[in-house]
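First up is the structure itself, then whatever we jot down about it.
The values are calculated or read from the model by the stated rules, or taken from the named source; none is laboratory data. As the structure is a prediction and not an experimental result, all values here were calculated from the model. Here the Cβ is made from the backbone with ideal geometry for all residues, glycine too, and neighbour counts use every protein chain on show. Calculation scope for accessible area: heavy atoms of the full protein, side chains included, ligands and nucleic acids excluded. Shrake-Rupley method; radii C 1.70, N 1.55, O 1.52, S 1.80 Å.
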Amino acid sequence: MPAPVSKPDDPALLRIDGPIATITLNRPAAFNSINLAIAQKLEQLASYIEGDDAIKVLVIEGEGRAFSAGGDLQTIGAAAEANNVTPVVGELLKHYHAFIEIIRRMPKISLSSVHGSAAGAGMGLAFVTDLCIAADDAKFTPAYAKIGVSPDGGSTVGIVGTVGSRRALQIFLAEDNFTAQQAHEWGLVAKTVPAAELKAATRQFAERLAQNPAAAISGTKSLVYAAATTPVKQQLDAEEHKIIMAMNTEEFRVAVKKFTSKGK
């Protein structure tokens with residue numbers, strides 16, 4: 001299937017460079033807030049990436065001054081005024097949550113690259129990806145409790161699994177915002193870099209991740225996410241299955257031959 005062709009005014013853009021795909025949230029005038037159009041486009045692009053065996057790493061970034069301001073409150077507020085929230089937000093989240101499901105299950109590493117503000121579902125997106133790199137001046141804003149709602153957009157999926165329930169409750173209910181340095185200390189951000197270096201550092205990080213053979217990426221990701229809820233025997237069986245599958249690849253045979261020949 002050919003890659004989707006991105007037009008400059010699309011709400012999300014796709015760029016593919018070898019084993020690295022980049023999705024750029026492209027509503028800069030609205031601080032890349034999530035409306036139905038961007039949710040549908042993200043689902044479409046992620047579906048393509050999931051099915052392309054040549055892609056190993058997905059980078060998600062934002063155009064303009066912010067990573068993402070979260071849900072589009074203009075749309076949601078209008079729906080609330082019209083007493084039409086259930087169908088409007090339900091349709092939006094149907095597509096956006098499908099996008100989140102894809103990036104969590106796909107046998108590729110997803111990396112969010114965060115600058116400026118990441119708020120609400122934008123914060124959730126930053127942390128529901130497998131890894132996150134952030135500019136040192138980035139700000140994360142939970143936002144949900146302040147407007148009287150609970151988290152969505154995968155926010156609890158990514159954050160609770162990383163920091164645990166008590167810290168997650170603190171983040172969602174007691175933090176107005178927090179810094180990239182705090183997020184790094186809590187394990188939510190893999191590394192912080194000066195804002196001017198974010199694009200280059202993201203590329204370098206993505207290239208490092210893409211050096212891993214596909215079987216190593218897919219097996220490791222599935223095992224790590226299953227570990228917390230899988231009985232020990234079942235998890236050990238899964239480990240056995242995944243490693244034997246990987247050992248039957250040509251990449252493994254070449255790598256182990258190279259390793260065992262060292263020093264001879």
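Worth pointing out:
- Set side by side, the residues 189, 224, 157, 163 differ, and just one is more than 22 Å from residue 135 (Cα to Cα), in contact (Cβ under 8 Å) with a residue 24 or more places away in the chain and under 17 Å from the mean Cα position of the chain (by Cα), which is 157.
- Any chance residue 224 is modelled with pLDDT under 90, in a helix (DSSP H, G or I) and open to solvent by less than 100 Å² (accessible area, probe 1.4 Å): no
- Set 119, 126: member being buried (at least 16 other Cβ atoms within 10 Å of the Cβ) and more than 14 Å from the chain's Cα centre (by Cα): 119
- Failed condition for residue 40, given (1) more than 18 Å from the chain's Cα centre (by Cα); (2) closer than 17 Å to residue 102 by Cα; (3) part of a helix (DSSP H, G or I): (1)
- Residues (part of a helix (DSSP H, G or I), farther than 22 Å from residue 134 by Cβ and open to solvent by 20 Å² or more (accessible area, probe 1.4 Å)) located in the stretch 200-221: 214, 215, 216, 218, 220
- Selection of first residues in the stretch 207-221 that are free of Cβ contacts under 8 Å to residues at least 60 places away in the same chain and of second residues that are part of a helix (DSSP H, G or I) and acidic (Asp, Glu), restricted to Cβ pairs under 6 Å at least 6 apart or on distinct chains, gives the following pairs, ordered by first then second residue: 213/251.
- Qualifying residue in the stretch 30-47 (condition: closer than 20 Å to residue 198 by Cβ, touching a strand residue (DSSP E or B) at 6+ places or on another chain (Cβ under 6 Å), open to solvent by less than 50 Å² (accessible area, probe 1.4 Å) and among the β-branched types (Val, Ile, Thr)): no
- Of the residues 239, 185, the single one that is modelled with pLDDT under 95 and open to solvent by 60 Å² or more (accessible area, probe 1.4 Å) is 239.
- Residue match in the stretch 56-77 (condition: of a type outside the set (D, E, K, R) and without any contact (Cβ under 8 Å) to a residue 12 or more places away in the chain): yes
- Where helices (runs of 4 or more DSSP H) sit wholly within the stretch 93-176, those with at least 1 residues that are closer than 23 Å to residue 202 by Cβ and at pLDDT below 95 occupy 155-163.
- Being open to solvent by less than 30 Å² (accessible area, probe 1.4 Å), in contact with a Ser or Thr (Cβ under 6 Å, 6 or more places away or on another chain), under 24 Å from residue 158 (Cα atoms) and not aliphatic (A, V, I, L, M) is a condition met by at least one residue of the stretch 55-62.
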